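Presented below is the structure to which this report refers.
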Amino acid sequence: MTDALAQAAADSDAKAVAAIREREGMSYLQTVRYRVAVVYLPLGLFLFILLFPFYWMTLATFKSNRELHMYKGWSAMLIHEPTLDNIKKLLFDTDYPSWIWNTMVITVSATVLSIFCAVCAAYAIERLRYRGARYVGMAIFLAYLVPPSILFIPLYTMLSTLELLDSPLSLIFTYPTFLIPFCTWLFMGYFRSIPYELEECALIDGASRVQILLKVVLPLAVPGLISAAIFAFTLSWNEYLYALVFLNSSEAKTAPVGVVTELIEADVYHWGSLMAGALLGSLPVAILYSFFVEHYVSSLTGAVKE
Amino acid sequence: MGPDAMAVSAAAVRGGARPGGFLSRLNHSRNMLGLIFMLPAAIFLGGFLAYPLGLGLWLSMTSAKVGDPGKFIGLANFIWLTEDNVFWLSVFNTFLYTVVASVCKFALGLWLAMVLNNHFPFKALIRAIVLMPFIVPTVLSAIAFWWLYDSQDSIISWVLLGLGLIDHHIDFLGDPWNARWAVIIANIWRGIPFVAITLLAGLQTISPSLYEAATIDGASGWQRFRFITLPLLTPIIAVVMTFSVLFTFTDFQLIWVMTKGGPVNSTHLMATLSFQRAIVGGSLGEGAALSVAMIPFLLSAILFSYFGLQRRRWQQGSRDD
Amino acid sequence: MTDFSRRDAIKIAAGTALAGGAAFKALLDSAEAFAQESQWKPEKGAKLRVLRWSPFVKAEGENFTALVAAFDKVNGTQTRIDALGYEDVRLKAQVAANSGVGPDFVWNIHADNHLYPEKLMDVTDVADWIGKRGGGWYPIAELYGKRRGRWNSIPATIGGNLLNYRISHIKKAGFEKVPADMAGFLKLMQGLKANGTPGGFAMGKASGDGNAWCLWLLWAFNGKVVDAKDNVALDSPETVAALEYAKQLAQTFVPGTASWLDPSNNKAFLDGQVSLTNNGISIYAAAKAQNMPQIFDDMDHAFYPIGPVGRPTEFHSNYPYYAYRYTKSPQACKALMAYLMDTEQYNKFLAGSVGYLSHVLKAYDNHPVWKEDPKRLPFKDVAARTLPFSWAGSLGFSSAQVFADFVVVDMFAEVGTGSKTPKQAAADAQKRAQRYYNT
């Protein structure tokens, strides 16, 4: 990566733009058959496989229970008796809106907190290089060594002593334990690739370390920030076990726990509402991501050139 | 610490006498500053991780059960496990699951990243859509897969039957090997997007001029991939794959929803077996031992990545060592 | 635990309003009557947290909430009910036992009161009182509720798991009823298979349905995990005989039962793809709720056949109430238990449960719930017919683990799927069971 970044940094803006234009120019030269084989066919295949389960979930969302249980009479791939009952049940018979709100609050807080901690830690490890930094950098990964299935019992006791059970804080404080290490590692990579001269110049100009971090280093690591945020956000959004154990009240639950615990009644699954819960909860996030993803992917080259 | 770092520290020590006082000295002392910057992360990792982790290690050496703290029994839990066929089966399953799923996620993820790196209409939208499997809460996508794999009305079986490719329903989760492949495929499905999007970010950092130069020199497509793309992507591959391996190795939700470790334990991973024994069965000590038994494998994965892949590449440009 | 928030207050108010009007007035009256008479006086202003499994049937859940609301109103207590899936209730109740914080009162499943007995409140006085009021406990209730002669839980109800079958399909196979003998039952299953309308039992990790049929079959041939002295006795000719039978039986199953979890057979039955399976009354109730007359008109319930051992060997699940010792309101917990089990309230509970849950007190044999719908009738007798899952040994940690680890279900599945011979499977299961009994 360093080589690539150095290479990119060496290029002037104009040259980079020219390069991109050239690449686009080249793509027009590629034969149609080549592009179908290399781009569209695999893309279509990937999209089909990645999205088919969603199609299936959408079907379940809008099918009536009766239709779900009648395979032979109907063609299963289409909806014959579309209904909004499942969505209605989800939105009005359960606390789904408040689950989504809780999940948002918890996820955003845990993400912000983790990124803050990780930025500080990565900066210290990678740029300050205090004594023992390398070992600390490695030790952070010990976080992944013991899975949550064992950690949650002692954590539960701790959280109850701190009187945090059933509060969103119980999750906001515990999620960073599995988010910080990944984010730190990601930032370490980005920070390492930033030329030291930039920082040294700023130091000589009398900037403090905090100023350097905020004004010099972080802007250069924007793609890293986005990438870490996407990762942290998604992981917290998905978390199940801690949320199940630490929260009790129905309105306090997160979306995955709420949907699973309240739409499965012993051996009866409310398929339609379960799938509606999965889809409704994912769509806003997907739309949110559509803004960031492009930024995340495309800003990487530009970021280093300032 | 490199010599220049020493020099800066020395300057910081001398700097105490200079105007600017404590703050300026703090600003120049790498160790002090380092400590302060590390503090937020240290609080969370120390408080909410190190302590419970220590407790987990301790539990693994006790006979603790639900409602009974138990007593210290040394390595008895581990010896116990070595005599347990189900444990060894879970070790085998975990390795199979991790290796196959990680390799596939990497290969398919890289392929998808390279496809997405091209120009096509609705690029931004499609890149976001590709992330969908990663966004849906795992428990819920696992339920959806469980249904897709249903032994009586799996849509996959129906379609294949309709096309006349098979003559009876596929027993996706009922046959040990079918079940293993089925859960691995679900895991791959969930994992591809993150690998792909992150590798895509890596791909974008590679200057097109390198490819042009190589093309002019007459390099084939494969050679360009092998000698430009792959080496330049190695650091980001290292990060993504280490995490992919770690998360696959400790996967729990997917299996728990779809098979609970069945049929006849053929999809039990170490993490699910640990949960089964510790929480469902109530032998906290034995369950903890099962978790601790995962540590050496995870540790070696981390060390391999850290020393083998990541460090070599990323350190090349830095001037510290 | 956090205090009651405003939202909770709203929720309780809403619950009260829901049950409002004359019906709620009647609940209040009987709660009042109970409070006058009761020897357990709830602590003033006691705040209780109740953890229970999510209701299998809506009416039962609403009824429970309304009963508790009336109890609160009369006694000035505040009770908060959290409902979760029963697997999750077990998990949370264990965490609470381990850490000494959590709900005060739990409505759990099986015999978890035997896993951490020293964490639980002694409720012998309550159990004796309830027993007297209810015409005496069924023996199974005493077995589940007592440990070393003292009651540490109130076995509130038994959830039945019986044969569910399609009437027209067994008729087509030449049977009017499900045969009560093993040979006849196998013939029926073979007939169903031959007609292309097979039956099937769960061989996956189905803690309810899987254990229910496997334990029935094991016991029917007089096989058992342990003898009366808790010595593992699984590797026996009786077990092998049961497994031989299971091998033939499994050949008649619809393909795919090796992966079935608890919900799978419900789905397959409602989809019309399996004609006979074992389950609670939930398939029937779901067919009614989803207005599927082609299923509910054409189905009925039956007892499991009786094996060479000559008496019923069924397994139905216990659902006990218990309270933790750490609770700050022990009297309120006891009062709530006694109140819920008292005549008026228990009558309402049985009526609301529509056959999902059966009585454990002899006075309720003639309850109207068993007369309203003849298809519920078999579930009336489940408390009398069930054995404890630990049979023939004692309830406790080892039996709970063997049960939780699917030792018996796996043994049957190994034979059913043909991956092991009956002898091999019995020998291996013996080893697995010994691991738990020898510690």
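The values are calculated or read from the model by the stated rules, or taken from the named source; none is laboratory data. Just so you know, these numbers come straight off a predicted model, no measurement behind them. As a convention, Cβ positions derive from the backbone with ideal geometry for all residues, glycine included, and neighbour counts pool all protein chains shown.
The rows are residues; the columns are (1) surrounded by fewer than 24 Cβ atoms within 10 Å (Cβ to Cβ); (2) among the β-branched types (Val, Ile, Thr); (3) out of contact with any His (no Cβ under 6 Å at 6 or more places or on another chain); (4) within 11 Å of another protein chain (Cβ to nearest Cβ).
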| site | (1), (2), (3), (4) |
| --- | --- |
| B:VAL130 | no, yes, yes, yes |
| B:SER141 | no, no, yes, yes |
| B:SER151 | no, no, yes, yes |
| B:LEU165 | yes, no, yes, no |
| B:HIS168 | yes, no, yes, yes |
| B:ALA186 | no, no, yes, yes |
| B:ALA196 | no, no, yes, yes |
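Going through (1) farther than 17 Å from B:VAL103 by Cβ; (2) surrounded by 22 or more Cβ atoms within 10 Å (Cβ to Cβ); (3) among the β-branched types (Val, Ile, Thr) one by one, B:VAL245 falls short only on (1). Selection of segment B:247-278 for residues being of a type in the set (A, V, I, L, M) and modelled with pLDDT of 85 or more yields B:LEU254, B:ILE255, B:VAL257, B:MET258, B:LEU269, B:MET270, B:ALA271, B:LEU273.
Which members of segment A:35-48 meet the condition of being aliphatic (A, V, I, L, M), more than 21 Å from the chain's Cα centre (by Cα) and modelled with pLDDT of 90 or more?
Step one: list which residues in segment A:35-48 are aliphatic (A, V, I, L, M), which gives A:36-39, A:41, A:43, A:45, A:47.
This time we only want the ones that are more than 21 Å from the chain's Cα centre (by Cα), so: A:36-39, A:41, A:43, A:45.
Hits for segment A:35-48 are A:LEU41, A:LEU43, A:LEU45.
The rows are residues; the columns are (1) in the same structural domain as C:ALA111 (by TED's automatic domain parsing); (2) modelled with pLDDT under 95; (3) more than 24 Å from C:LEU395 (Cα to Cα).
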{"residue": "C:TRP216", "(1), (2), (3)": "no, no, no"}
{"residue": "C:VAL225", "(1), (2), (3)": "no, no, no"}
{"residue": "C:LEU249", "(1), (2), (3)": "no, no, yes"}
{"residue": "C:THR252", "(1), (2), (3)": "no, no, yes"}
{"residue": "C:GLY256", "(1), (2), (3)": "no, yes, yes"}
{"residue": "C:SER259", "(1), (2), (3)": "no, yes, yes"}
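Only one of the numbered conditions (1) buried (at least 24 other Cβ atoms within 10 Å of the Cβ); (2) in the same structural domain as C:TYR138 (by TED's automatic domain parsing) is not met by C:LEU377, and that is (1). Number of residues in segment B:114-128 that are more than 7 Å from chain A (Cβ to nearest Cβ) and in contact (Cβ under 8 Å) with a residue 12 or more places away in the chain equals 3.
When you check A:LEU274 against the structure, is it more than 7 Å from every other protein chain (Cβ to nearest Cβ), within 30 Å of C:ASN265 (Cα to Cα) and either surrounded by fewer than 23 Cβ atoms within 10 Å (Cβ to Cβ) or out of contact with any Ser or Thr (no Cβ under 8 Å at 6 or more places or on another chain) (or both), yes or no?
Working: more than 7 Å from every other protein chain (Cβ to nearest Cβ): no; within 30 Å of C:ASN265 (Cα to Cα): yes; either surrounded by fewer than 23 Cβ atoms within 10 Å (Cβ to Cβ) or out of contact with any Ser or Thr (no Cβ under 8 Å at 6 or more places or on another chain) (or both): yes.
When the stated conditions are applied, A:LEU274 does not pass them.
Please determine, by comparing only the residues of segment B:262-293 that are in a loop (DSSP other than H, G, I, E, B) and hydrophobic (A, V, I, L, M, F, W, C), which one is farthest from the chain's Cα centre (by Cα). Out of the qualifying residues, it is B:VAL264.
Residues that are closer than 19 Å to C:ILE158 by Cβ and in a loop (DSSP other than H, G, I, E, B) within segment C:194-230 comprise C:ALA206, C:SER207, C:GLY208, listed in sequence order. Identification of strands (runs of 3 or more DSSP E) wholly contained in segment C:61-163 with 3 or more residues that are out of contact with any Cys (no Cβ under 6 Å at 6 or more places or on another chain) and not basic (Lys, Arg) yields C:78-84, C:154-159. Is there a residue being in a helix (DSSP H, G or I) and either under 17 Å from the mean Cα position of the chain (by Cα) or away from chain B (no Cβ under 14 Å) (or both) anywhere in segment C:430-439? Among the residues of segment C:430-439, not one is in a helix (DSSP H, G or I) and either under 17 Å from the mean Cα position of the chain (by Cα) or away from chain B (no Cβ under 14 Å) (or both), which makes the answer no. State whether the residues of segment B:48-59 include one that is among the hydroxyl-bearing types (Ser, Thr, Tyr) and in contact with a Lys or Arg (Cβ under 7 Å, 6 or more places away or on another chain). No, every residue in segment B:48-59 fails to be among the hydroxyl-bearing types (Ser, Thr, Tyr) and in contact with a Lys or Arg (Cβ under 7 Å, 6 or more places away or on another chain). Among the residues of segment C:294-337, just one is surrounded by fewer than 24 Cβ atoms within 10 Å (Cβ to Cβ), small (Gly, Ala, Ser) and touching a Ser or Thr at 6+ places or on another chain (Cβ under 8 Å), namely C:SER329. The set of residues in segment C:69-97 being basic (Lys, Arg) and either touching a Leu at 6+ places or on another chain (Cβ under 9 Å) or at the interface with another protein chain (Cβ under 7 Å from one of its Cβ atoms) (or both) consists of C:LYS73, C:ARG80, C:LYS92. Check segment C:396-419 and report whether any residue there is touching a His at 6+ places or on another chain (Cβ under 9 Å), more than 30 Å from C:ASP297 (Cβ to Cβ) and surrounded by fewer than 17 Cβ atoms within 10 Å (Cβ to Cβ). Looking for residues that are touching a His at 6+ places or on another chain (Cβ under 9 Å), more than 30 Å from C:ASP297 (Cβ to Cβ) and surrounded by fewer than 17 Cβ atoms within 10 Å (Cβ to Cβ), one finds at least one in segment C:396-419, hence yes. Evaluating C:ILE109 against the criteria (1) within 14 Å of chain B (Cβ to nearest Cβ); (2) surrounded by 22 or more Cβ atoms within 10 Å (Cβ to Cβ) leaves one unmet condition, (2).
Filter segment B:198-214 down to residues that are without any contact (Cβ under 8 Å) to a residue 12 or more places away in the chain and at the interface with chain A (Cβ under 9 Å from one of its Cβ atoms) and give me whichever is surrounded by the fewest Cβ atoms within 10 Å (Cβ to Cβ). Talk me through it step by step, then tell me what you get.
Step one: of segment B:198-214, the residues without any contact (Cβ under 8 Å) to a residue 12 or more places away in the chain are B:207-209, B:212-213.
Okay, now just the ones that are also at the interface with chain A (Cβ under 9 Å from one of its Cβ atoms), so B:207-209, B:212.
Details: B:SER207: 23, B:PRO208: 18, B:SER209: 17, B:GLU212: 14.
The extreme case among them is B:GLU212.
C:PRO388 meets the conditions (1) within 14 Å of chain B (Cβ to nearest Cβ); (2) outside any helix (DSSP H, G or I); (3) within 16 Å of the chain's Cα centre (by Cα) in every case but one. The failed one is (1).
Of all the listed residues (B:SER90, B:SER24), the sole one being farther than 29 Å from A:SER114 by Cβ, surrounded by 15 or more Cβ atoms within 10 Å (Cβ to Cβ), polar (S, T, N, Q) and modelled with pLDDT under 85 is B:SER24.
If the condition is being assigned to a helix (DSSP H, G or I) and surrounded by fewer than 23 Cβ atoms within 10 Å (Cβ to Cβ), then segment A:246-260 contributes A:SER250, A:GLU251.
Check whether at least one residue in segment A:200-212 is out of contact with any Lys or Arg (no Cβ under 6 Å at 6 or more places or on another chain), in contact (Cβ under 8 Å) with a residue 12 or more places away in the chain and surrounded by 20 or more Cβ atoms within 10 Å (Cβ to Cβ), and report yes or no.
Yes, there is a match, as at least one residue in segment A:200-212 is out of contact with any Lys or Arg (no Cβ under 6 Å at 6 or more places or on another chain), in contact (Cβ under 8 Å) with a residue 12 or more places away in the chain and surrounded by 20 or more Cβ atoms within 10 Å (Cβ to Cβ).
Name the single residue that is modelled with the lowest pLDDT among those in segment B:57-72 being farther than 20 Å from B:PHE252 by Cβ and more than 10 Å from chain C (Cβ to nearest Cβ).
Looking only at segment B:57-72, we keep the residues that are farther than 20 Å from B:PHE252 by Cβ, and these are B:58, B:61-65, B:67-72.
Narrowing further to those that are more than 10 Å from chain C (Cβ to nearest Cβ): B:58, B:61-62, B:70-72.
On the way: B:TRP58: 87, B:MET61: 91, B:THR62: 90, B:GLY70: 83, B:LYS71: 88, B:PHE72: 91.
So, considering only residues that are farther than 20 Å from B:PHE252 by Cβ and more than 10 Å from chain C (Cβ to nearest Cβ), the one modelled with the lowest pLDDT is B:GLY70.
Of the helices (runs of 4 or more DSSP H) lying entirely inside segment A:93-173, those containing at least 3 residues that are touching a residue at least 12 places away in the same chain (Cβ under 8 Å) are A:96-123, A:148-161.
Select from segment A:74-101 the residues that are within 13 Å of chain B (Cβ to nearest Cβ) and either in contact with a Pro (Cβ under 7 Å, 6 or more places away or on another chain) or not aromatic (Phe, Trp, Tyr) (or both) and list them in ascending order. Please lay out each step first, then the result.
First, the residues of segment A:74-101 that are within 13 Å of chain B (Cβ to nearest Cβ): A:74-78, A:90, A:96, A:99-100.
Result: A:SER75, A:ALA76, A:MET77, A:LEU78, A:LEU90, A:ILE100.
Would you confirm whether or not segment B:131-146 contains a residue that is under 25 Å from A:PHE291 (Cβ atoms) and hydroxyl-bearing (Ser, Thr, Tyr)? Looking through segment B:131-146, at least one residue is under 25 Å from A:PHE291 (Cβ atoms) and hydroxyl-bearing (Ser, Thr, Tyr).
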